[in-house]
1. Per residue, what volume in Å³ does the Cα convex hull of chain B take up?
2. Once you've got the GNM for chain B with C-alpha springs shorter than 10 Å, pick whichever of B:Val288, B:Val128, B:Val36 has the biggest mean-square fluctuation.
3. Can you bin segment B:160-270 into rounded, prolate or oblate? Criterion: square roots of the alpha carbon gyration tensor eigenvalues sorted a ≥ b ≥ c, rounded for a/c under 1.5, prolate for a/b above b/c, oblate for the rest.
4. Hey, what did segment A:16-211 get for relative contact order, percent, Cα under 8 Å, at least 6 apart?
5. Would you grab the residues whose amide H sits under 5 Å from the one on A:Asp281? Only those 5+ places off in sequence or on another chain, please, with H modelled 1.01 Å from N.
6. Only bridges whose two residues both fall in segment B:256-356 count here: according to DSSP, what percent of them are antiparallel, nearest 5?
7. Note down the Stokes-Einstein diffusion coefficient of segment A:16-211 in µm²/s, whole number, using a Kirkwood radius over alpha carbon pairs, 37 °C, and 0.692 mPa s.
8. State, as an integer percentage, the relative contact order of chain B based on alpha-carbon contacts under 8 Å between residues 6 or more apart.
Amino acid sequence: MKTKTESATALLEPREPAGRPVVKIFGVGGAGVSLLDALSREEFAGVEFAAVNTDASSLAASSAPVKIHLENKLLRGLGTGGDPERGRALAEEHFLALKGACEGANVILMLAGLGGGAGSGICPVLARAAKETGALVLAFVTLPFACEGNRRQHQAQHGLERLKTFADGVICLPGQKAFKLIDDNTSVLDTFRITGGLLAEGVRGVWRLLTRPGLIQIHFDDLCALVRDRHSESVFAFVEAGGPARSHEAIEKLLAHPLLDQGRALADADAVLVSLMGGKDLTMGEVNRVMEQISRHCEHAQIIMGAAVDAEMKNHLSVTLIAGRNASAQSAPVPAAAQPEHARRHGGISGTPAHAFPTAPQLSLEQREQAVTRHAHRPRKGGDKMLQAQLPLAIVSKGRFDKSEPTIYKGEDLDIPTYIRRGVPLN
Amino acid sequence: MFDDSNVIVGLEIGTSKVCAVVGELNEDGGLNITGVGQSRSRGVRKGEVVDPAQAEEDVRNAIVAAEHMADVEIRNVYLGVTGGHVRGFNNRGVHPVVSADREISSDDVQDVVKNAKAINLPTENNIVHAIRQHFFVDGHDHVTNPIGMLGSRLEVDVHVVHGNTNRLQNAIRLVRGLQLQVDEIVFNGLAASLALLSSEQKELGALVIDIGGGTTDYVVYVGGVIKHTGVLAIGGDHVSNDLAYGLKVRLSRAEKLKLEHGSAIADEAAKGQTITITNELGMPLKTVNVEHLQRIMSLRVEEIFQLIEQDLESAGLCNYLRAGVFITGGGARIPHVARLAERVLQMPASLGQTNSVSGLKSALDQPEFAAAIGLVRFGSFKNRKREGKTSFTQGIKGVFGKLLQRA
């Protein structure tokens, strides 16, 4: 307990050169505020919580010490009515107040649910305000469920686009992913609790990563670089295990994590950040075991690894994992500026560009949106130009195999008689 | 009769026939085949059940026939599975030995095998077999049992055979529906190889090709362990279908022509020969050119071997098969098939003979039964293992328990 109070006081001293960063967590909009309330005060000792919303009733219910009510006479305290433009206008109006709230922090974490008026409208403005005060901004956002309708999806994508331009990093949890965690009987309330819990886990992981003394330090920059431009695709997992076999348990839990799709998310990832935290009894063997397993699952990814010791975590091992995949199918070529950094991380050996850290591809807004949309499994409006397939001249009946699954091998339908495919004449 | 502890039954639900083979373990551990039951299969295409009701009836008939012949009551079976969805690949697991004295313990071995089995499969797939190959201790090759050795890095290769869970379940559920327990499911190609190969041949390196009605399963052994498995969803059915199409006859007629006049290599003697197809009254209906028949058939069988050859070539295994190719399954009955295999694969080829199994001569000699006999063999390994003796199958671990319980 003693160490905790010490660390808390250390945190309260702003901008101490060797000290830990001052962190503020903002909950924005209805969803954001309730997410914020779900985070336990004790665990985040020394962190300032602030709730930002346009809806007076949501703020009144919140337990956050700092509440910023964005209001306007015209709205009469009723919120934005789901219009992000209104949210944005309100936030602009109160820009100075937001900026004032951000003042003094090194790191700002934002929690929000995109799709509605407040979250999608206010978040980008708040991120801009935070940037102007010189803080690093990392946003944790949820995207709406597919069943919430096209309009909300569209607003969420727009909000995300704008947020990306201002925030250093966005970690995004599509609501649709929660479907993997629930069954038919899960109540709506529980579903929201689950998605909220996942985001909270992410915040907790990042918070620990930033505040606990690292033996192998992960810098906030590393984190931001990882999540930048991989928004729609970043997944995170936070697992804890105890006991003598904790490293095994942690790996097993990690691979069984629903968001990681039984480890397949790792296989697809092109950059993975892993942070291990244990008590003083954390052994190098354990670190090695966990990392070996993780790196085996993501052969193509660049791995950023950190390890830290927390005296309070006796016999426990926690692993925070954030995996990012570049949303665009082809990884962008690595610009010269990114090369030295990459080389440094690999101990002077530079890999192929495909393994490297791709920076933002220069895409227009529409292109980006399209890329994001594609991954969010939404039908595209325009649709791709369909190529008209050419029908073979002679239609060969497959006889017995007409209705069975075709045997396709390297593009050849092996159910069609060999002599026909090879054009051997019978005469 | 009711003490069935050493009665082992292999059930293969094939595309052209369902067959059940009953084997008994005698006192000295030898395997004796005591009964065979078979029935025409009507509910299976390309090795997979497409008509459960029909298939269930066929399985029941085969089981009943086998029960009659062996005079036992069948309760448990080892079920053979195949299908185009079944795939195999090799995976390596690594484990650092962290104990102070660097001695490898059985825990380390368990860990490394577990690591090797942790693989990224599509969610809808499930592991059928994870077969242990060799251990490596500090990069040192070909260690069969590392317990007690000193080293800092333990690695193991496993060969993983996996398939689509739902499609595998179909067959399991069907057998369950007949109030039979499925002891374990076994990949047909693996079963056939167990029936045919001696340990010497496995050591030398061998390829077993089981050409069945709907699929062609193949397994490669190198250095005593399974290195490669594969399934092509092509089989005898395709040959018949090609003939029916090419010669413009009914499928049943094509089937008959295949059996009577088929050949894997187009015969010189067949040139210009014709067969007259007659109806039941003996009236001529149609004449068929034998040369065409054989050419159509030859091309198809040749293609099967070519596809296997390409696969082995890309796996880099062609030069390790010193014992050669063993062909079994109904396809082994095609005249000259071994010669064709020899020509395409460029290694000695022969028809597989079941070995170190005694019992019904009529069953052992037929290539169609190789897989089912292999299933019994697999079961006998399992039984012996249960009794605590060491055996080859210690490396073959059924990781399918969970799936069996779920069905």
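1. On the way: hull volume 60.0 nm³, N = 407.
Spread over its residues, the Cα hull of chain B gives 147 Å³ apiece.
2. Result: B:Val288 has the largest fluctuation of those listed.
3. Numbers: a/c = 2.67, a/b = 1.31, b/c = 2.04.
Oblate shape, in that a/c is at least 1.5 and b/c is the bigger or equal ratio.
4. On the way: 384 pairs, mean separation 40.1, N = 196.
It rounds to 20 percent for segment A:16-211.
5. A:Asn315
6. Details: 5 of 8 bridges.
Within segment B:256-356, antiparallel bridges account for around 60 percent of the total.
7. On the way: Rh = 16.5 Å.
Calculated translational D: 199 µm²/s.
8. Working: 940 pairs, mean separation 78.0, N = 407.
Computed over chain B, the figure is 19 percent.
No lab work stands behind these numbers, since they all come straight from the coordinates. Every value quoted in this text rests on a predicted model; they were computed, and no experiment measured them. Methodologically, a virtual Cβ is constructed for each residue, glycine included, from the backbone with ideal geometry; neighbour enumeration extends over all protein chains shown.
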